[in-house]
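As structure tokens, the structure follows; a few thoughts come after it.
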Amino acid sequence: MFSVPGAYDRAITVFSPDGRLFQVEYASETVKRGATVLGIASPEAVVLAAEERATSKLQDPSFMWKIFQIDEHVGAAVAGLSCDAHILVDQARIYAQSNRLLYDEPIDIEILTRRIGEIKQLYTQHAGVRPFGISILFGGIDRKGSRIFWTDPSGAYLAYKAWAIGAGGDAANEILEAEYKDSIALDDSVLLALKCMSKVLEEKIDAQKIRIAVIPTATKKFTKLAPPDVEKQLKKLESAKKAGTK
């Protein structure tokens, strides 16, 4: 059956003659069409930011999630199919709590990412299943400091100082590559995240369209910024832009 043209991109995930896994590539395309999310690691904190897309004016803006708390010291930002994200986020929470029960310590961000990557990889090699249409940025504070890890639909994962994924990922990464510094402060990280989102949205942004979460190295406690706090940071960004044009 696999000699039939197009058979390599049907329900079963198998290698095509040129070594491609089409189902995984399709899942990656789903991520590229998803909302933009990013993570920034600094000596003072990890910052996670996400674009929130409302499909209707009647939709409750508080009932949209692209950023999740996994444990006290770690959060996740997702791009792609939200229904797939909930499954993996719940599994990540179980891993994090199991690690505390077994070892009496918070889970390392890399270990957590690798375990979720292993689940994703399993769904690329069995018949009757499809790959998860989701990429996840895990960000948190562990014994090695501020960490950002990315995992894609294939199960592969990489570490980053700062990274963006989703529909506006390329545009956001251009800004991150140009302006990120190893010594960046917490407030500057938040402003940089908002600057990336402003570029991606290409319009005047407000606190209802952006979600921000921070995990300071001092407290190692995941905290979502309330809309009024995000609004204050947006005003700072606007003031900085005006000062730069003078």
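Would you check if there is a residue in the range 57-64 being assigned to a loop (DSSP other than H, G, I, E, B), of a type in the set (A, V, I, L, M) and within 16 Å of the chain's Cα centre (by Cα)? Break it down stepwise before answering.
Step one: list which residues in the range 57-64 are assigned to a loop (DSSP other than H, G, I, E, B), which gives 57-64.
With the extra rule that they be of a type in the set (A, V, I, L, M), the set shrinks to 58, 64.
Retained after the next criterion (residues that are within 16 Å of the chain's Cα centre (by Cα)): 64.
Among the residues of the range 57-64, at least one is assigned to a loop (DSSP other than H, G, I, E, B), of a type in the set (A, V, I, L, M) and within 16 Å of the chain's Cα centre (by Cα), which makes the answer yes.
Regarding A79, is this residue surrounded by 20 or more Cβ atoms within 10 Å (Cβ to Cβ) and in contact (Cβ under 8 Å) with a residue 60 or more places away in the chain?
On the way: surrounded by 20 or more Cβ atoms within 10 Å (Cβ to Cβ): yes; in contact (Cβ under 8 Å) with a residue 60 or more places away in the chain: yes.
Against the criterion (surrounded by 20 or more Cβ atoms within 10 Å (Cβ to Cβ) and in contact (Cβ under 8 Å) with a residue 60 or more places away in the chain), A79 qualifies.
For the range 170-187, the candidate set comprises residues that are in contact with a Cys (Cβ under 8 Å, 6 or more places away or on another chain) and within 24 Å of I70 (Cβ to Cβ); within that set, the residue that is surrounded by the fewest Cβ atoms within 10 Å (Cβ to Cβ) is L176. If you filter the range 203-225 down to residues that are at pLDDT below 90 and surrounded by fewer than 14 Cβ atoms within 10 Å (Cβ to Cβ), you find that the one that is nearest to I148 (Cα to Cα) is D206. Residue-level check: of (1) in contact with a helix residue (DSSP H, G or I) (Cβ under 7 Å, 6 or more places away or on another chain); (2) closer than 18 Å to V230 by Cα, S42 misses just (2).
Comparison of K221, K236, K209 shows that the only residue that is touching a residue at least 24 places away in the same chain (Cβ under 8 Å) and under 17 Å from the mean Cα position of the chain (by Cα) is K209. Going by what's in this entry, would P106 be described as modelled with pLDDT of 95 or more, in contact with a Lys or Arg (Cβ under 9 Å, 6 or more places away or on another chain) and buried (at least 19 other Cβ atoms within 10 Å of the Cβ)? Yes: the conditions hold for P106.
Residue count for the range 188-202, restricted to those that are in a helix (DSSP H, G or I) and either loosely packed, with under 14 Cβ neighbours inside 10 Å or among the β-branched types (V, I, T) (or both): 2.
Give the residues of the range 39-93 that are of a type in the set (S, T, N, Q) and at pLDDT below 95, sorted by residue number. Listed by number, the residues that qualify are T55, S56, Q59, S62, S82.
So in the range 113-161, with the set limited to residues that are of a type in the set (A, V, I, L, M, F, W, C) and surrounded by fewer than 24 Cβ atoms within 10 Å (Cβ to Cβ), which one is modelled with the lowest pLDDT?
Applying the first criterion (of a type in the set (A, V, I, L, M, F, W, C)) to the range 113-161 yields 116, 119, 122, 127, 129, 132, 134, 136-138, 141, 148-150, 156, 158-159.
This time we only want the ones that are surrounded by fewer than 24 Cβ atoms within 10 Å (Cβ to Cβ), so: 119, 122, 127, 129, 150, 156, 158-159.
Values: I119: 96, L122: 92, A127: 76, V129: 84, W150: 97, A156: 95, L158: 97, A159: 97.
Ranking the candidates gives A127 first.
Of the residues examined, L194 is one that is of a type outside the set (K, R) and touching a Leu at 6+ places or on another chain (Cβ under 6 Å). Within the range 111-137, residues that are of a type in the set (V, I, T) have Cβ atoms under 7 Å from residues that are surrounded by fewer than 18 Cβ atoms within 10 Å (Cβ to Cβ) and assigned to a helix (DSSP H, G or I) in these pairs: I116/Q91; I119/Q91, counting only partners at least 6 apart in sequence or on another chain.
Candidates in the range 108-163 are the residues that are of a type in the set (A, V, I, L, M), part of a helix (DSSP H, G or I) and under 15 Å from the mean Cα position of the chain (by Cα); of these, the one that is farthest from H86 (Cα to Cα) is I109.
Does at least one position in the range 106-115 carry a residue that is among the hydrophobic types (A, V, I, L, M, F, W, C) and farther than 16 Å from G140 by Cα? Scanning the range 106-115, I find no residue that is among the hydrophobic types (A, V, I, L, M, F, W, C) and farther than 16 Å from G140 by Cα, so the answer is no. Being among the acidic types (D, E) and within 18 Å of the chain's Cα centre (by Cα) is not true of D182. Could you go through the range 88-103 and let me know if any residue there is surrounded by 14 or more Cβ atoms within 10 Å (Cβ to Cβ) and in contact (Cβ under 8 Å) with a residue 60 or more places away in the chain. No - not one qualifying residue is present in the range 88-103.
Among the residues of the range 238-246, is any touching a strand residue (DSSP E or B) at 6+ places or on another chain (Cβ under 8 Å) and more than 18 Å from V37 (Cα to Cα)? Before the answer, list the steps.
Initial filter on the range 238-246 (touching a strand residue (DSSP E or B) at 6+ places or on another chain (Cβ under 8 Å)): none.
Among the residues of the range 238-246, not one is touching a strand residue (DSSP E or B) at 6+ places or on another chain (Cβ under 8 Å) and more than 18 Å from V37 (Cα to Cα), which makes the answer no.
The values are calculated or read from the model by the stated rules, or taken from the named source; none is laboratory data. Bear in mind the structure is a predicted one, so any value in this text is a computation, not a measurement. Every residue, glycine as well, gets a Cβ built from its backbone with ideal geometry; the counts of neighbours run over all protein chains shown.
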